[in-house]
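> Below is a structure I'd like to ask you about.
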């Protein structure tokens with residue numbers, strides 16, 4: 001591994017070695033399928049192909065929240081996509097999401113299946129389909145969407161930036177960790193100041209902005225994400241702490257964060273979800289919201 005002090009970029013970058021780190025085996029500079037594999041299809045109108053990462057949790061929480069409101073059309077099958085095994089490069093998944101990233105949703109409720117990819121796009125699609133968690137008045141809707149897209153623009157610094165160099169990179173690079181830690185703390189400060197005078201991210205109403213931001217920054221605030229709570233001194237963001245705890249106590253959130261989860265306590269994992277009764281075998285009410 002070349003150190004950070006003696007590397008000079010070549011005139012033309014070439015892919016001639018693994019990138020190193022935890023995800024080296026699935027990182028590549030080209031797109032498309034690596035193997036033929038069709039996606040399974042369950043009995044519900046909505047078919048979700050995902051993993052219980054923060055981006056995946058956004059969608060399962062949204063679906064469980066919709067069901068909690070009584071939207072029976074939001075019933076869904078959640079199929080596990082093991083990204084460490086390269087499932088996202090199967091031909092069926094690439095058809096659902098040419099970017100080969102989870103989550104991917106296929107809506108089969110109409111005559112022609114509709115694919116939806118990118119987590120914010122899925123949240124907006126579901127919010128508009130069911131008329132929930134997205135304000136209709138222009139000022140409130142605009143505020144909600146501004147924060148939704150804030151999350152989409154900010155999370156890469158938290159995940160691919162701070163998280164990668166702090167937790168997953170094969171060597172610790174002080175400059176990279178310092179740079180992304182600074183940006184992550186700035187983002188937490190943005191949220192903390194916003195939540196100082198607002199119950200939820202977009203105002204006084206729970207929306208898809210909260211559903212999108214909580215799996216990333218809620219987990220970070222509770223010291224779960226990357227185990228970086230002490231390093232980033234997350235407890236000083238008291239308004240984020242209050243908000244993160246409140247969201248975590250919602251029953252639909254507690255169910256949603258279990259779906260497609262493959263880590264943590266066994267009782268917190270529901271690898272696939274095909275019916276509401278699937279939760280009956282789990283003890284989600286005993287699972288700590290921060291676990």
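The values are calculated or read from the model by the stated rules, or taken from the named source; none is laboratory data. Not measured: the values here are computed from a predicted model. Glycine gets a Cβ as well: all are built from the backbone with ideal geometry, and neighbour counts include every protein chain shown.
> Scan the range 130-140 for residues that are outside any loop (DSSP other than H, G, I, E, B) and either in contact with a strand residue (DSSP E or B) (Cβ under 6 Å, 6 or more places away or on another chain) or under 11 Å from residue 203 (Cβ atoms) (or both) and jot them down.
139, 140
> May I pose another question? Can you tell which of 193, 235, 172 is more than 20 Å from the chain's Cα centre (by Cα) and within 28 Å of residue 139 (Cβ to Cβ)?
Exactly one of 193, 235, 172 is more than 20 Å from the chain's Cα centre (by Cα) and within 28 Å of residue 139 (Cβ to Cβ), namely 193.
> Looking at (1) part of a helix (DSSP H, G or I); (2) within 30 Å of residue 106 (Cβ to Cβ), which one does residue 178 not meet, given that it meets all the others?
Evaluating residue 178 over (1) part of a helix (DSSP H, G or I); (2) within 30 Å of residue 106 (Cβ to Cβ) leaves (2) as the failure.
> A further question on this structure: Which of (1) at positive phi; (2) free of Cβ contacts under 8 Å to residues at least 60 places away in the same chain does residue 138 not meet, given it meets every other one?
Condition not satisfied by residue 138: (1).
> In this structure, does residue 242 turn out to be part of a helix (DSSP H, G or I) and more than 18 Å from the chain's Cα centre (by Cα)?
Here the answer is yes, as residue 242 does meet what is asked.
> Turning to a different aspect of this structure: Might you check whether a residue that is within 22 Å of residue 169 (Cβ to Cβ), within 17 Å of the chain's Cα centre (by Cα) and at pLDDT 95 or above occurs anywhere in the range 54-72?
yes
> Okay, next question. If you take just the strands (runs of 3 or more DSSP E) that sit entirely in the range 26-129, which of them hold at least 1 residues that are in contact with a strand residue (DSSP E or B) (Cβ under 6 Å, 6 or more places away or on another chain) and without any contact (Cβ under 8 Å) to a residue 40 or more places away in the chain?
Result: 114-117.
> Restricting attention to the range 195-226, which residues are modelled with pLDDT of 95 or more, surrounded by fewer than 19 Cβ atoms within 10 Å (Cβ to Cβ) and farther than 19 Å from residue 133 by Cα?
196, 197
> Turning to a different aspect of this structure: The conditions are (1) farther than 28 Å from residue 128 by Cβ; (2) in contact with a helix residue (DSSP H, G or I) (Cβ under 8 Å, 6 or more places away or on another chain); (3) surrounded by fewer than 15 Cβ atoms within 10 Å (Cβ to Cβ); (4) touching a residue at least 24 places away in the same chain (Cβ under 8 Å), and residue 163 fails exactly one of them. Which is it?
Against the list (1) farther than 28 Å from residue 128 by Cβ; (2) in contact with a helix residue (DSSP H, G or I) (Cβ under 8 Å, 6 or more places away or on another chain); (3) surrounded by fewer than 15 Cβ atoms within 10 Å (Cβ to Cβ); (4) touching a residue at least 24 places away in the same chain (Cβ under 8 Å), residue 163 comes up short only on (3).
Rundown of residues vs (1) surrounded by fewer than 22 Cβ atoms within 10 Å (Cβ to Cβ); (2) touching a helix residue (DSSP H, G or I) at 6+ places or on another chain (Cβ under 7 Å), yes/no style:
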site	(1), (2)
52	no, no
57	no, yes
87	yes, yes
97	yes, no
109	yes, yes
113	yes, no
117	yes, yes
139	yes, no
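> Here is a follow-up. Those residues that are assigned to a strand (DSSP E or B) and in contact (Cβ under 8 Å) with a residue 60 or more places away in the chain, I need them from the range 181-214; list them, please.
Passing the criteria: only 203.
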